[in-house]
Each structure stands twice: as structure tokens, then as C-alpha cells.
Amino acid sequence: MSINSIENFSNEFFYEIFDYLDACEIYYAFSNLNYRFQQLINSSSLLLKLTFNYSQLQEIFMNNYQQILHFNKNQIFSIHLWISENTNQIISSFTIDSSFNCLESLIFDSIEPDILISLLPKLICLPRLFSLIIDTCSIEKDLGDIYRLIFNLPKLKYIKYTAIESNDFDIKISLPIATNEQISSIEHLIMDHPCALDELFVIISYTPHLRHLKFLSLTDRNVNIKNIKPIKLPNLTHLSIHIYRKMSFNVFDTFISKLNSKIKILSLTTLVEDITYLDANRWEKFILTKLPQLEKFYFKYSAYFEENYETPMYFGQCDQFISSFWLQRQWILETEIEFENIIYSISPYKKRWYEYDTQHNMINSFDQLSKSIRLSLDEVRPEQWTKTIFIDDYINHILTVTQIYHLEIHVKIFTDKLMEILHLLSEIKTLKIYSLPILQQGDLSEEEIEFLCVLLPKNQITKICFQHMKDMDELYMLTLICSRINHLQIKCIDYMHAELLTGLILTQIKGISKSSLRLLCFSIPEAHDEMCEKLEKMIDIENLHFDFMIKHVMDKIYLQWK
């Protein structure tokens, strides 16, 4: 395309393109084309994003940086600095002053604490600095000075401060309680570094306008929560906490009481070995009395398994997370086995793979919701890594808390192991499976064959999803184990894969007088309506006559019949 052709596009068109480019890239590609583009680049309507990173610090780009910082500083909207020896040269080459009158966002990546401390006082003069993100490559033993400088920034609304070094949680944040003259304008505070509760309350004394708060409880230091004075944060609606050290449910309860806030969204992740976190009745009472405005609840609790370690067990009444309190809010418990952990999580209900029609099959009754609890398996053979811990240890721990109705297996699993798991989880209704390698004929012992015959009549699985099916033998074995399937979903490589499977499956169904299968779904990348037409023609040509309906929804094609 010639320069004359480009000239035909409007200024607004180029501004949209420039919005996706770094200022240096804009300067390099367009500044020397002609007078019009020079005017465009220098226009006050164009706000520039400037990124200093390792790949662009060549001499040709350095010259562009210098020109932008000299002639266009009043257009710079954001600066992202990846700190290195080369960027130190850039930092020293320009002066931060009020002429950066459009600068709203600053990001410091991998910055040394001493450089950060020298830079922060210079930011006070920026009239529109609303957002500051800091990621330090090493950690100070005391973060008090850095926070004091941050709180001096007069226009700041958003601050994210990451300062974590492995195996170093013994840090302090030495600050006095804020006075009326030290109040910060910050509304969104993310603290990705170790912080004790008493230090947290000191920090938020500087931020009474806070709306969003996220912090990590990582320190081993003992803090008596009862000695901390309550604080009012009337605007705080979003709270996110990651607890890795010494915060029992009792301490958490007291902590929330002392915030005096109207929390609407709570996210809590805990590794603390306090099994009270799995007490649904305790949670219900806590939320009703301490967080009555809560609209969304996200929760994760990890139960850790290790040899020569006794994992805390839940001894309360089972299935307490399906009371009317939880079902009315559609806050659903889910479980996941991930290497040495069971992860119990609660979150708002989301549509599942087996819900075919959004309009006609929405989860709308307490009975349906109460049977929506799912187990995801990312590990099925822990005995590979340990001598004394087996998959049934994990599953039995889960069954003390809740019954499981939906199973997803994200790793390759052999038939014998699948049968063992299904025997433990007798209430499973749906199964999503990655791959089911087939044992060669004769690999099943007489005991395993007898066990399979016992399992078949009890199995309640009616819906199956295959994520990585290599051949029809896998499907045959699965339909043998789960004889009541009426909904089958298969992830396909392409349309030809789906067409081949359609022919094979419908031919097999035609030869079975009492097949339960009524819905076939293929997940195909870039599925479209023409694929439906091709499948209809293939079914007609192959004389596989069914009174069926075919439908394309997103990346899926559905065949349904009576």
C-alpha cells in the first residue's frame, strides 16, 4: 500500500491504530512519513503509552525515547518501566515534573527498593497520577518508608505493590497510625507481600476511602487480634484475602468485625489447617450476622496430604453446603484433587457442559442445585509418589463433607482405576473424561470382571464428555461401564473427525434395540452452520434415518432425537 493510499484514511482511524501501539513504535513507523503524520503524533488528542523493555533498548529506539520524552511528555498517558542497567540510563535522562500533565499510570517492574525510594518523592508533582504498580525484585526488611512515600502521592487511586521473596516472610511495615493530615486518596489497594494483621490495620488507617482491598497473610508473627482497634471503612465493598499463616476461623471472624464495612464481594483462600473453615453452618451464621450485604462469595480451602502427616478430618454433619441458605444464593461447593491437595471451593454457579439448552434446562430448582457438586481430578494415582496415600484417602475425606454428583477427570485413566473411583462415588450423574486407554483382552482379572458386573447395575451416569478420544474402543468400554448414557459429548479435531464419529455411533445405535442415547454433541473448532448441513446429507446418504434435530451453538453441533 502506498503513502497516497494511507492518506485517504481519517485521523480517527489512525488514532484507533495508535491505541494498540507503544509510543516508540508509533514514532519509529510514522514520524518521518510526512507533515500530516507529524501533526497527528504531536496532537494533544493523541495520548501515548510508553514502555521501556529489554527488547527495545537499542540505539535506534533510544533516540525515539529521547525525542518523545523531550517533545511529547504532555501527551504521555502511561509509562511501563522494566528496570535494568539500560533503563537506569533512561531514568536518569529525564526529569519528572508537572509537565507530564496527562500521565495517569506508572508501572515499575523489577525495581530495586533504593531506586524506588529515590523515585517516589518525585511523583508528588504529577497532577493526574491515579495508578501505580510496583514489583520489586528484592525485598526490604521494612516496607514502612515505601508506604509512607506512596501515601504522600496526592491523586493516587490505585496501588498494587508486589514484594515477595521466597522463604522470607519475616518483614515489617513500620508506620504510625495515620493522622487527619495524612489521609490518602487511594481507593484500590493490592498488597502482594507479607503483612501481619496489626500492620494491615495501620496501613488502612491511611486509606479511609478504600473500596477494594487485597492482602496476603503470610507472616508467622503472633498478633492478638483482640488488641487491634476497630476501623471504619464505609466504602469498602470488595475484599480479597490469601491466608497462608496463623489465621483461624475465629481470628478471621474477629478481623471482619473490626473492619466495620459493607462487604459485597468476598474472596478468601486459606491454607490454614483449621477444619472449621469447612463448617457450613458456621459460615451461614457468620455471613448473616457479619456480612449481611454479601452478594458474591469465593472461597478456597486446601487439605494437605503427606506421608507421616495426619490430615485434619471434618467430623460435622455431611452435605451442609446444600441448605436453603446456599441454594438461594446459588453459591456452590466444588472439590478438586490436585497432587497432594484437596481443594474445596465455593463460588457462584456457572453453566456446566451438560446443560444443553440455556433456555429450557436452566438450573432453577433447589433439588437440581443441591445435586450440582462436582469433583475434578488432576491426579488419580497418588501412590506413584507416596507409599501410604491412595486415591480413596482423598475421596473419603471429601465424602465426609459432601456427596459428589459430577466427576471430571483431566488426566489419562485406565479402566480399572476408573471403576475403582466410580465404586467409591456411587451418586455420580455425569462424567467428563480426558482419555480412557483400553486394557488388552485378558488384562482384567476374574475379580475385576466380577467387580465390573456388580458395578454396572448401580451406575447412574447418564451424561459423558470425552476430551481426547483416540478410537471407538474407548467409547465402547465407557458405554459398557456406564450403560445408561443418554447424552454424549466428544471434542473433535475438525469436522471430518465429527463426521466419522457420527457415522460410527449412529450405525452402532441402529443395531441396538434399547439404546438410551438421545443427544450427541461434537465440540469442533470454528464450528458453523454449513457443518450441520453436511452432517444431515451424510446421515441421509448412509441411510442412518433418525427423526432428529440438528443445531449449531457456539463451537458445538448437537444432534438430538426421541
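The values are calculated or read from the model by the stated rules, or taken from the named source; none is laboratory data. Every value quoted in this text rests on a predicted model; they were computed, and no experiment measured them. Glycine gets a Cβ as well: all are built from the backbone with ideal geometry, and neighbour counts include every protein chain shown. The protein model used for the area step is the full one, side chains on, heavy atoms only, and it has no ligands, DNA or RNA in it. Shrake-Rupley method; radii C 1.70, N 1.55, O 1.52, S 1.80 Å.
Placing pseudo-labels 7 Å out from each Cα toward the beta carbon at Lys155 and Cys318 gives an inter-label distance of 6.1 nm. Labels on offer are [x] 15; [y] 19; [z] 35, and the one holding percent of Cα pairs over 47 Å apart computed from this structure is [z]. Rounded to the nearest 10 square angstrom, Leu119 shows an accessible area of 10 square angstrom against a 1.4 Å probe.
Distance from the Cα centroid of region 523-561 to that of region 95-145 is 58 Å (rounded to whole angstrom).
Accessible area per residue for the chain, computed on protein heavy atoms with a 1.4 Å probe, is 50 Å². Charged side chains reduced to their Cβ positions (Lys and Arg at +1, Asp and Glu at -1) give the chain a dipole of some 2340 debye around its Cα centre. Kindly identify region 218-332 as rounded, prolate or oblate by the Cα gyration tensor criterion: order the square roots of the eigenvalues as a ≥ b ≥ c, call it rounded if a/c is under 1.5, otherwise compare a/b with b/c, prolate if a/b is larger, else oblate. In terms of gyration-tensor shape, oblate.
Label separation (Glu181 vs Glu310): 5.8 nm, computed from points 7 Å beyond Cα along the C-beta direction.
Rounded, prolate or oblate: which fits region 96-237, taking a ≥ b ≥ c as square roots of the Cα gyration tensor eigenvalues, rounded meaning a/c under 1.5, else prolate when a/b beats b/c?
Taking the square roots of the gyration eigenvalues as a ≥ b ≥ c, region 96-237 is oblate.
Of all the accessible heavy-atom surface of the chain, with the other protein chains kept in place and a 1.4 Å probe, what percent is carbon and sulfur? Result for the chain: 50 percent of the exposed heavy-atom area is carbon or sulfur.
Candidate cross-link partners of Lys432 among the lysines, defined by an alpha-carbon separation under 23 Å and a same-chain spacing of 8 or more, comprise Lys300, Lys350, Lys351, Lys371, Lys412, Lys417, Lys458, Lys463, Lys470, Lys491, Lys551, Lys556. The residues neighbouring Tyr349, those whose beta-carbon lies less than 15 Å from its own, together hold a net charge of +3 under the Lys/Arg +1, Asp/Glu -1 convention. Going Cα to Cα from Lys214, which aspartates and glutamates come in below 15 Å? Please leave out same-chain ones fewer than 8 positions away. Within the straight-line cut-off, Lys214 pairs with Glu187, Asp192, Glu199.
Label positions at Ile265 and Ile115, each projected 7 Å from the Cα along the C-beta direction, are separated by 3.3 nm.
A 1.4 Å probe, protein heavy atoms only, puts the accessible area of Lys290 near 70 Å². Here region 489-533 is scanned for amide nitrogen atoms under 13 Å from the site 7 Å beyond the Cα of Met549 along Cα-to-Cβ, giving 519-520. Heavy-atom accessible area for Glu187, with the other protein chains in place and a 1.4 Å probe, reaches approximately 50 Å².
Here the extension length gained between Gln467 and Phe71 equals 137.0 nm, from 0.36 nm per residue of separation less the Cα-Cα distance.
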